[in-house]
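Engineer: To start, I am sharing the structure in question, which I have written as structure tokens.
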Amino acid sequence: MVPVMKFILGRKENMVTFMGNDGLSTAATLIVLGTTVVTQVKDKSTQGYDAVQIGFGTRPVKNISKAVQGHSKDLGSFAAIREFRVDDSSAWKKGDKLDASLFVIGDEVTITGISKGKGFQGVVKRHGFHGGPRSHGQKHSEREAGSIGGGGRAGGRVAKGMRMAGRMGSDRVSVKGLRVLGIDTQNGKILVSGCVPGIKGAILEIKTV
């Protein structure tokens, strides 16, 4: 049985400009895949759902919890372990290796990662507020949020979900509709259109639609 769904883990390397056969240039991201190993296969009879768990990269054993060490001791010490839901997990088995040859040029993929952390930010940067007027006696309110309560709104209290200043970034983000533009099976890399979440070196989840 040939798996219908393709998935793998990778590490964001850098962005480049890709020149297509039509002469048009487009932004693209280079992702290092390396070799990913299937660490566990789940099915409905045992776990109640079908899924495939895979491990990627390496890291020192001293930085891995004893529980995870016992879970993957016969396969290696992985930098990341992720799980992908599938309709039928019988096509995979523990120890299977996944690499760049899994994909073909033109595959449409969804890429998930942790976005760049931006720390504590105000409402202008975080939510796109315009800020206050720059004239008519306004002195220090260019980037303020403005009123958040009062009798005319929610009975004089601050309503739930009010957009305010706070931590920005470091969120789990998925980008859909990206295309595989190039594959380097020898070096374990793929080139995808557009930009993907995270800093350089961020671990990414890549799967076909």
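The values are calculated or read from the model by the stated rules, or taken from the named source; none is laboratory data. Note that the structure is a prediction, hence the values are computed from the model and not measured. We work out accessible area using only protein heavy atoms, side chains counted, and drop any ligands, DNA or RNA first. Shrake-Rupley method; radii C 1.70, N 1.55, O 1.52, S 1.80 Å.
Engineer: Mind checking which aspartates and glutamates have their Cα closer than 20 Å to the Cα of residue 207? Skip sequence neighbours fewer than 8 apart in that chain.
Structural biologist: Partners within reach: 13, 43, 50, 83, 87, 88, 96, 99, 107, 108, 171, 184.
Engineer: Skipping prolines and chain starts, which residues have an amide H placed within reach, meaning under 5 Å, of the one on residue 204, given they are 5 or more residues away or on another chain?
Structural biologist: Amide H neighbours of residue 204: 10, 11, 12.
Engineer: Right, something else. When the Kirkwood radius is taken over all Cα pairs of the stretch 13-67, what Stokes-Einstein diffusion coefficient follows at 20 °C and 1.002 mPa s, in µm²/s?
Structural biologist: 139
Engineer: Grab the alpha carbons of the stretch 71-136, take their convex hull, and tell me the volume per residue in Å³.
Structural biologist: Values: hull volume 14.4 nm³, N = 66.
Spread over its residues, the Cα hull of the stretch 71-136 gives 218 Å³ apiece.
Engineer: Over all alpha-carbon pairs of the stretch 107-209, lay out the pair-distance distribution in 5 Å bins, whole %, shortest bin first.
Structural biologist: With a bin width of 5 Å, the distribution comes to 2, 10, 14, 14, 13, 11, 9, 9, 8, 6, 3, 2, 1, 0.
Engineer: Also, I was wondering about something else. According to the Cα gyration tensor, what semi-axes, each the square root of 5 times an eigenvalue, does the equivalent ellipsoid of the stretch 164-209 have, listed from largest to smallest in whole Å?
Structural biologist: On the way: eigenvalues 140, 32, 15 Å².
Each semi-axis is √(5λ); the values are 26, 13, 9 Å.
Engineer: Continuing with this model, one more query. Once the whole set of protein chains is in place, how much accessible area is left on residue 179, using a 1.4 Å probe, in Å² to the nearest 10?
Structural biologist: So the heavy atoms of residue 179 present about 110 Å² to solvent.
Engineer: Equivalent-ellipsoid semi-axes (√(5λ), Cα gyration tensor) for the stretch 16-171, whole Å, largest first?
Structural biologist: 46, 25, 17
Engineer: Across the stretch 117-166, how large is the tail of the calculated P(r) beyond 18 Å, expressed as a percent of all Cα pairs?
Structural biologist: Within the stretch 117-166, distances greater than 18 Å cover 42 percent of Cα pairs.
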